[in-house]
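Below is one structure, written out as structure tokens, with a few remarks after it.
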Amino acid sequence: MAYQAVFKRYEMKYMMTKKQRKAVLEAMLAYMKLDDFGHTTIRNVYFDTDSYILVRRSIEKPIYKEKLRIRSYKQAEAQDKVFIELKKKYDDVVYKRRESLSQLETLEWIVRETPFPKASPSERATQIGNEIEYFFQLYQTLKPKVFLSYEREAFYALDGSDFRVTFDENILARQEELSLSEGVWGESLIDEDMVLMEIKTSGGIPLWMTHVLTQEKIYKTSFSKYGTAYEKMIYGHKEETAGKAFIA
């Protein structure tokens with residue numbers, strides 16, 4: 001299946017109650033549709049250095065920040081495809097570049113440091129693969145640090161634009177069993193009644209969405225899932241339990 005490998009867009013986040021989400025969904029009915037994946041459970045493993053330099057920089061809200069993670073949209077087995085994503089943000093614009101490989105190939109490449117998987121001996125690694133390998137060379141102690149999961153519903157615009165809206169809830173994080181093959185459990189990062197909405201677009205926000213956000217008093221937030229996990233679970237704690245990724 002073809003997948004989008006390169007993204008350049010604005011990503012705006014809004015924290016809301018489930019009651020407010022219902023109002024937003026009602027306003028979306030005439031303009032947006034649930035995507036083909038419907039309701040999904042997204043699993044991520046975030047990589048960072050021994051000193052957590054990536055997440056610490058992100059929390060400081062600099063003009064430029066970057067992170068790397070592996071992601072699956074289901075409980076992944078060894079041969080299931082997963083994504084390796086390099087995500088950067090500069091001056092409010094998000095740039096995401098990703099490769100898709102089997103989970104086994106992914107871990108052999110970025111954890112065991114084998115060469116980038118190729119279709120044939122004569123084929124070179126892709127440009128994105130080269131960028132990811134350079135990222136590991138730049139941050140020499142990158143290891144799996146946090147498993148982060150959430151339930152997501154994603155919607156796309158009926159007018160053919162790239163305007164997208166996602167709703168995330170049951171956001172959980174842990175530093176054990178850092179595997180996309182494992183079930184979802186961990187420490188909750190938001191209250192049970194809360195939902196994180198993200199607007200993703202290369203253009204502006206439609207007027208109808210602006211109206212419902214204003215009407216429901218829903219305001220933009222700078223909430224970071226990985227940043228919140230670091231602050232709740234890692235910052236100030238002496239014990240380090242992360243660093244091993246495996247396939248169940």
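Between residue 74 and residue 235, how high is the FRET efficiency from 1/(1 + (r/R0)^6) when r is the Cβ-Cβ distance and R₀ = 35 Å? Nearest 0.05.
0.65
Considering only 127, 103, 175, give the residue with the highest GNM mean-square fluctuation for the chain, with springs between Cα atoms whenever their separation is below 10 Å.
127
For the residue pair residue 202 and residue 81, what label-to-label distance in nm results when each label sits 7 Å from Cα along the Cα-to-beta-carbon direction?
Here the answer is 2.2 nm between the modelled labels.
Once the other residues with Cβ under 9 Å from the Cβ of residue 58 are scored (Lys, Arg +1; Asp, Glu -1), what is the net sum?
Computed value for this residue: +4.
Test of understanding: in a Gaussian network model of the chain with alpha carbons linked when under 10 Å, which of 209, 16, 194 would top the mean-square fluctuation ranking?
In this elastic network of the chain, the residue with the biggest mean-square fluctuation among 209, 16, 194 is 209.
With the contact rule set at Cα under 8 Å and sequence spacing of 6 or more, what percent relative contact order holds for the chain?
Relative contact order for the chain comes out at 29 percent.
With the chain treated as a Gaussian network of Cα nodes joined by springs under 10 Å, which of 94, 212, 55 yields the largest mean-square fluctuation?
Highest fluctuation of the listed residues: 212.
Quick check for me: using +1 on Lys/Arg Cβ and -1 on Asp/Glu Cβ, what's the dipole size of the chain about its Cα centre, in debye to the nearest 20?
The calculation lands at about 560 debye.
Going by alpha carbons, how many degrees (0 to 90, nearest 10) lie between the helix axis of 18-28 and the longest principal axis of the chain?
So the inclination is approximately 80 degrees.
Counting other beta carbons within 10 Å of each residue's own, what order do 6, 24 fall into, fewest first?
The fewest-first ordering by Cβ neighbours comes to 6, 24.
Per 0.36 nm of contour for each residue apart, how much would the distance between residue 126 and residue 51 grow if the chain were fully extended, relative to their Cα-Cα spacing?
24.0 nm
Give the residues of segment 170-203 whose amide nitrogen is closer than 16 Å to a point set 7 Å from the Cα of residue 10 in the direction of its Cβ.
198-203
Can you work out ³J(HN,Hα) from phi for every residue in segment 158-174, in order, using Karplus 6.51 cos²θ - 1.76 cosθ + 1.60 and θ = phi - 60°, giving whole Hz and x for Gly and Pro?
Working through the residues one at a time gives 6, 7, x, 6, 8, 5, 10, 9, 10, 10, 10, 9, 6, 7, 10, 9, 7 Hz.
So for segment 44-124, what are the equivalent ellipsoid semi-axes in whole Å, largest first, each being the square root of 5 times an eigenvalue of the Cα gyration tensor?
Listed largest to smallest, the semi-axes of segment 44-124 are 26, 14, 13 Å.
None of the figures in this text is laboratory data; all of them are computed from the coordinates on show. Everything numeric in this text was worked out from a predicted model, so none of it was measured. Don't worry about glycine lacking a Cβ; one is built from the backbone with ideal geometry, like all the others, and counts go over all protein chains shown.
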